[in-house]
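One structure is given here, and the rest of the page talks about it.
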Amino acid sequence: MAELGASGEDRSVRSPCLPRTPRYLPIGDYAIIGDCHGAALVGRDGSIDWAALHRFDADPVCCRLLDAERGGFWSLNPRDGYTATRAYLPGTNMLRTTFVTATGRAAITDFMPVGRQLDAGINDYVHLNAPAWIVRRVEGLEGTVEMETAYRPSCEFARKPVTLVADADAGALHAGAEMPVLFADLSFAIDGDCAHAVMCLNAGDRHDLVLAGNAVAGAAPAARADEFFAATRAFWEEWIHYCRYRGPFEEAVRRSALTLKLLTFAPTGAIVAAPTTSLPEAIGGQRNWDYRYCWVRDSSFALYALAVLGYSGEARCFHDFLLRAIARSLPEVRPMYGIDGSLKLDETALAHLEGYKGSAPVHTGNGAYLQRQIDVYGQMLDLSLLYQRLGGRLAPQYRRLLAAVAKFVALHWREPDQGIWEMRGAPRHHVHGKLMSWAGLDRAAQLLGGEWLALARQVEADIRAHGIDAHDGALQQAYDGGTDAAVLLAPMLGFAMEPGTLEATIDRARRHLGRGYFVARYVGQDGLAGEEGAFLVCTSWLIDAELAAGRIEVARPMIERLVGCANDVGLYSEQVGPGDGSMLGNFPQALTHLGLIGNVINLQLAEQGGTFAVRGSYADRARDAVRATFGWRGVLAAMWQSRRATRFRSSKRSKLAWP
């Protein structure tokens, strides 16, 4: 729970349609709501400054996050000075913000309705219904509070003008064809492309405001608000009840799990890296990218996290999505795919938007999708071994796909590439890419037959000959030198190192990449202008490396600090400013949440089984952590871990009828 200081301006004479002061909120001031299809970011001041309905990669109806003047928004807060506290309803992604004024208290509960399909079976939380709504439930709690709301929608990232038309009979604001409709029992005044209204709340009063991407003709959306509130709350509460993890940092793990589920695109199982585009890696800088896609790089991290927490349905859907997408792009494995498996993600700069706090350009699409990144081929083979170890079946067609991926690695591992960080300079022989090539061939030998083992050993020898700095004995960024946090993953891949190499690599990372308590990705030129903050998942990789080195007493306080740097509702960005810890980059960031879950699980493994329980492949650690996830083996393993079978019951309450 966090507190927001009262505004000093006289809001009674200032239109809520005018730009606010300050023009931009800190990134950490936002919380996310979503329905496993789209998402919205709600500011601590009650303003929705980013919202994409139907799909995460849709043009947003609210994008004030990227342009304080042009961008659309939906604000809702007291007219006079206030303080605000907020928290998610326990075990959900439904946000409740409470405002206190000089005259009373009021609360807003923001959520996007979602629930299981009516024909969903027991334990099925992947086949979902979602009407593409944002519901804002406003309640008077004590005394009297005068609230004001303003709505200015964006069309085509605010390139196309919007004309609002009020339908008083239906209590609706229309913004044009294929635009969502705002339903509210309020009298709106329209000022150009913005509408605003005031409501006076006494204790016990309630208004349900609905921004509807879909609606049923003749049916008032607010009439279903109670039904959808109950179904959505039951859906999230039941889903998190399936989480197997019990232990230290449990609340942080559960919030991270809820965030990952929210960032899952239910129709395909893809997990977006983040629901936003172009939030900067440094304020005023040019490193602003579109993260509303699914990265293969994250695959083993994601499957491992979902599996160890007990979410077999999500793990299987994510795995199957990647298989389908990769099969369509062979012989190449793309670094990323669209959330529907799209192969074409052309990058465009939106010059008409100023960017968050003047950080331009704003991008849609991501040009890195065409890069050659050899590590993603190894990621796919590593993912498949993990899938098999958790009880998944490798059908003949699946094995043919894996053989094609392994053959590509065999042909191209000697070539330079752009690396895991999608550098836009000249290709290099990145050590992380070589490590993943080794891992891919090693996994191919385990999955497809021993003929791949000799080549895996050849890659291993090449890394030992060229990837270790002769001066300090540490793994380096590339064969021509440099320091990169990605090589800290070596022990977590099962790559055997000579005594002292891991410790030297850790020391080198701390010396060159340390930014206070956090870690940067790399140092050196990457073909881009400007700087960036500390990359939070790199801190997670350093923590795992410390665990693999047997230094539990070093790793545990690092996890405590990482947990402590979340915002007030438990969310993480991609990066933080090394000086002040302010959040940077797209938000919330799936990979950061995945890293935290991995840290906590690996700490538990290390404390129970020592260093050797942490080293090895993701498949090895998953076997030790959960035994199995898929099929009857998964059911038995889950029952054994939870010590009770009653946990595996769904209810009709979590089903959402739509339309």
Problem set entry | Inter-residue pairs, beta-carbon under 6 Å, first among the hydroxyl-bearing types (Ser, Thr, Tyr) and in region 143-159, second open to solvent by 20 Å² or more (accessible area, probe 1.4 Å) and in a strand (DSSP E or B), 6+ apart | Thr144/Asn202
Exercise. Do we have Glu546 as part of a helix (DSSP H, G or I), open to solvent by 30 Å² or more (accessible area, probe 1.4 Å) and not aromatic (Phe, Trp, Tyr) here?
Worked result: no
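Here's the yes/no breakdown for (1) in contact with a Ser or Thr (Cβ under 9 Å, 6 or more places away or on another chain); (2) charged (D, E, K, R); (3) more than 24 Å from Val537 (Cβ to Cβ):
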residue	(1), (2), (3)
Trp438	no, no, no
Trp452	no, no, yes
Val459	yes, no, yes
Gly481	no, no, no
Leu488	yes, no, no
Glu498	no, yes, yes
Ile506	no, no, no
His512	yes, no, no
Tyr517	yes, no, no
Exercise. Hey, Ala252 hits all of (1) over 23 Å from Pro60 (Cβ atoms); (2) surrounded by fewer than 17 Cβ atoms within 10 Å (Cβ to Cβ) but one; which does it fall short on?
Worked result: (2)
Exercise. Within region 374-384, is even one residue crowded, with 23+ Cβ neighbours inside 10 Å, closer than 30 Å to Tyr24 by Cα and among the hydroxyl-bearing types (Ser, Thr, Tyr)?
Worked result: no
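Test Leu401 against the criterion of being at pLDDT 95 or above and either under 30 Å from the mean Cα position of the chain (by Cα) or on the phi > 0 side of the Ramachandran plot (or both), and give yes or no. Before you say what the answer is, go through the steps one by one.
Working: at pLDDT 95 or above: yes; either under 30 Å from the mean Cα position of the chain (by Cα) or on the phi > 0 side of the Ramachandran plot (or both): yes.
So Leu401 fits the description; yes.
Select from region 339-373 the residues that are among the β-branched types (Val, Ile, Thr) and either open to solvent by 30 Å² or more (accessible area, probe 1.4 Å) or outside any loop (DSSP other than H, G, I, E, B) (or both) and list them in ascending order.
Thr348, Val362, Thr364
Among the residues of region 506-526, what is the count of those that are assigned to a loop (DSSP other than H, G, I, E, B) and over 26 Å from the mean Cα position of the chain (by Cα)?
Step one: filter region 506-526 for residues assigned to a loop (DSSP other than H, G, I, E, B), giving 516-517, 520-521, 523-526.
From the residues that got through so far, the ones that are over 26 Å from the mean Cα position of the chain (by Cα) too are 524-525.
Number of matching residues: 2.
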Problem set entry | region 243-266, residues that are closer than 26 Å to Thr348 by Cα and assigned to a loop (DSSP other than H, G, I, E, B) | Leu263
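Can you tell me which residue within region 314-364, out of those that are polar (S, T, N, Q) and out of contact with any Asp or Glu (no Cβ under 6 Å at 6 or more places or on another chain), is farthest from Leu385 (Cα to Cα)?
Here is the first cut: in region 314-364, the residues polar (S, T, N, Q) are 329, 342, 348, 359, 364.
Narrowing the set further to residues that are out of contact with any Asp or Glu (no Cβ under 6 Å at 6 or more places or on another chain) leaves 329, 342, 348, 359.
Details: Ser329: 21, Ser342: 25, Thr348: 37, Ser359: 41 Å.
Result: Ser359.
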Problem set entry | Checklist (1) on the phi < 0 side of the Ramachandran plot; (2) open to solvent by less than 20 Å² (accessible area, probe 1.4 Å); (3) in contact (Cβ under 8 Å) with a residue 24 or more places away in the chain applied to Gly419, failing item | (1)
Exercise. Name the pairs: first residue in region 168-179 and more than 13 Å from Gly213 (Cβ to Cβ), second residue open to solvent by 90 Å² or more (accessible area, probe 1.4 Å) and of a type outside the set (Ser, Thr, Tyr), Cβ to Cβ under 6 Å, at least 6 apart or on different chains?
Worked result: Gly171/Asp185
Problem set entry | strands (runs of 3 or more DSSP E) contained entirely in region 164-229, each with at least 3 residues that are surrounded by 13 or more Cβ atoms within 10 Å (Cβ to Cβ), of a type in the set (A, V, I, L, M) and at pLDDT 95 or above | 194-202, 206-212
Problem set entry | Of the criteria (1) among the charged types (D, E, K, R); (2) at pLDDT 95 or above; (3) more than 21 Å from Gly38 (Cβ to Cβ), which one Arg152 fails | (3)
Exercise. Taking region 232-271 only, how many residues are within 21 Å of Asp110 (Cα to Cα), of a type in the set (Val, Ile, Thr) and out of contact with any His (no Cβ under 9 Å at 6 or more places or on another chain)?
Worked result: 3
Exercise. Scanning for something more than 30 Å from the chain's Cα centre (by Cα) and under 21 Å from Arg334 (Cα atoms), does region 414-424 turn up at least one residue?
Worked result: yes
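In region 561-578, how many are in contact (Cβ under 8 Å) with a residue 12 or more places away in the chain and either open to solvent by 30 Å² or more (accessible area, probe 1.4 Å) or among the hydrophobic types (A, V, I, L, M, F, W, C) (or both)? So that I can check it myself, show each step before the final result.
Of all residues in region 561-578, those in contact (Cβ under 8 Å) with a residue 12 or more places away in the chain come to 561-563, 565-578.
Cutting the leftovers down to either open to solvent by 30 Å² or more (accessible area, probe 1.4 Å) or among the hydrophobic types (A, V, I, L, M, F, W, C) (or both) gives us 561-563, 565-566, 568-569, 571, 576, 578.
Looking only at that region, the number is 10.
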Exercise. Looking at region 259-315, which of its residues are over 14 Å from the mean Cα position of the chain (by Cα), open to solvent by 10 Å² or more (accessible area, probe 1.4 Å), closer than 23 Å to Tyr24 by Cβ and not basic (Lys, Arg)?
Worked result: Ala282, Ile283, Gly284, Gly285, Gln286, Trp289
For this session: Look at Gly140 and say whether it is assigned to a strand (DSSP E or B), surrounded by fewer than 22 Cβ atoms within 10 Å (Cβ to Cβ) and on the phi < 0 side of the Ramachandran plot.
Result: yes
For this session: Name the one entry in Gly440, Gly425 that is modelled with pLDDT of 95 or more and either open to solvent by less than 30 Å² (accessible area, probe 1.4 Å) or not in a helix (DSSP H, G or I) (or both).
Result: Gly440
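Identify, please: which residue in region 66-108 is charged (D, E, K, R) and modelled with pLDDT of 95 or more and is, among those, surrounded by the fewest Cβ atoms within 10 Å (Cβ to Cβ)?
So the residue we want is Glu69.
Would you call Ser7 at pLDDT 95 or above, outside any helix (DSSP H, G or I), under 20 Å from Val198 (Cβ atoms) and not β-branched (Val, Ile, Thr)? Spell out how you get there, then give the answer.
Values: at pLDDT 95 or above: no; outside any helix (DSSP H, G or I): yes; under 20 Å from Val198 (Cβ atoms): yes; not β-branched (Val, Ile, Thr): yes.
So Ser7 does not fit the description; no.
The values are calculated or read from the model by the stated rules, or taken from the named source; none is laboratory data. Bear in mind that the values here come from a model prediction, so they are computed numbers and not experimental data. FYI the Cβ positions are ideal-geometry reconstructions off the backbone, even for glycines, and counts take in every protein chain you see. Quick note on the areas: whole protein, heavy atoms, side chains included, nothing else; ligands and nucleic acids left out. Shrake-Rupley method; radii C 1.70, N 1.55, O 1.52, S 1.80 Å.
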